[in-house]
Amino acid sequence: MAKGPIQYKTEEEIDLMRASGQLLARAHGEVASLIKEGVTTRQLDKRAEEFIRDNGGIPSFKGLYDFPYSLCLSPNAVVVHGFATDEPLKSGDIISVDCGVLLNGYHSDSAYTYPIGEVAPEVLTLLKETKAALYKGIEQAVSGNRVGDISYAIQNHVGPLGYGVVRELVGHGVGAKLHESPDVPNYGKRGSGPLLQTGLVIAIEPMINLGKKDVVQEADGWTIRTKDRKPSAHFEHTVVVRKEKAEILTSFEYIEKALQQ
């Protein structure tokens, strides 16, 4: 996925990426306000694309590697890269919404997994702990650490809970391209991998399964689901490596406001 040398960003570039991240955060909020039983993922995809384009952005995913939608919409056992469909969401489902925005020449990338209606307690716990693992990883995104410190923090949080950490899909650098170096796995050893330095912008994105770590690709060539068909959760932020504390360029603020209404 990630290619080429690591690209460190100037403060001017980070300002542009921060604006991209804020538009993405607002787009996520628009989608969140629609999510309920009976809504189709095609409706969510349509709203996201309209909102992003109306505000001067371009959906990062649409057309990238020939992907046909603006959102990756991944219900239940689908880990990532799910297609928008006309099948309505129903109580008991979970749905991962992954979105990217290109604004001012720079991408941002984030994801959030939602429960629909009455969801099994163990699945709600999976969502809670996957989100917590994201922030454990972000805590390690400071200058002087290594990518493996992020990876280990995520794995160390969810592994003891018995969850499966997806190996085939990883976080990545973000910038003028959506997928840049370095890869940021959700599993690994402390002190391993590329050195983190100020100005590196990365997407940290735990993809955590209720069951085993194994995944399969569906016949469409895109959709990745758990092999055991147990639910999977996905949370993601775009962050800047800083000296003392990582800066998060995306936000769940608008999602959380929408869910409270």
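The values are calculated or read from the model by the stated rules, or taken from the named source; none is laboratory data. Being a predicted model, the structure only gives us computed values, none of them experimental. As a convention, Cβ positions derive from the backbone with ideal geometry for all residues, glycine included, and neighbour counts pool all protein chains shown. Heavy atoms of the whole protein, side chains included, go into the accessibility calculation; ligands, DNA and RNA do not. Shrake-Rupley method; radii C 1.70, N 1.55, O 1.52, S 1.80 Å.
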Exercise. Counting helices only, and only those DSSP H runs with n ≥ 4, report the 222 nm mean residue ellipticity of the chain as the sum of -39,500 (n - 2.57) divided by its residues, in deg cm²/dmol to the nearest 500.
Key: -9500 deg cm²/dmol
Self-check item: Max mean-square fluctuation residue, GNM over the chain, Cα-Cα springs under 10 Å, options P160, P182, P75
Solution: P160
Quiz item: Under 5 Å between amide H atoms, partner at least 5 residues away or on a different chain: which partners does A141 have, H built in plane at 1.01 Å?
Solution: A246
Quiz item: Counting other Cβ atoms within 10 Å of each Cβ, which trypsin sites (Lys or Arg not before Pro) in the stretch 134-183 have at most 14 and sit in a DSSP loop?
Solution: R167
Practice problem: At most 16 other Cβ atoms within 10 Å plus a DSSP loop assignment makes a site exposed; report the longest stretch of the chain without any exposed GluC sites (Glu not before Pro). | Solution: 38-117
Quiz item: When the accessible area of the stretch 136-261 is computed with all protein chains present and a 1.4 Å probe, what percentage of it is carbon and sulfur?
Solution: 46 percent
Quiz item: What's the center-to-center distance, using Cα atoms, between the stretch 227-255 and the stretch 82-128 in Å?
Solution: 12 Å
Self-check item: Solvent-accessible area per residue for the chain (1.4 angstrom probe, square angstrom)
Solution: 43 Å²
Exercise. With springs connecting C-alpha atoms under 10 Å apart, model the chain as a Gaussian network and identify which of S181, S108, S151 has the largest mean-square fluctuation.
Key: S181
Quiz prompt | Given charges at beta-carbon only (K, R positive; D, E negative), |dipole| of the chain in Debye | solution = 580 debye
Self-check item: Förster radius 25 Å - calculated FRET efficiency between Y65 and V216 (Cβ-Cβ, nearest 0.05)
Solution: 0.85
Quiz prompt | Antiparallel %, DSSP beta bridges [both residues in the stretch 127-261], to 5 | solution = 95 percent
Quiz item: For the stretch 147-204 and the stretch 2-39, what is the separation of their C-alpha centers, rounded to whole Å?
Solution: 18 Å
Quiz item: Taking R0 as 35 Å, what's the FRET efficiency between S192 and S33 from their Cβ-Cβ distance, rounded to 0.05?
Solution: 0.30
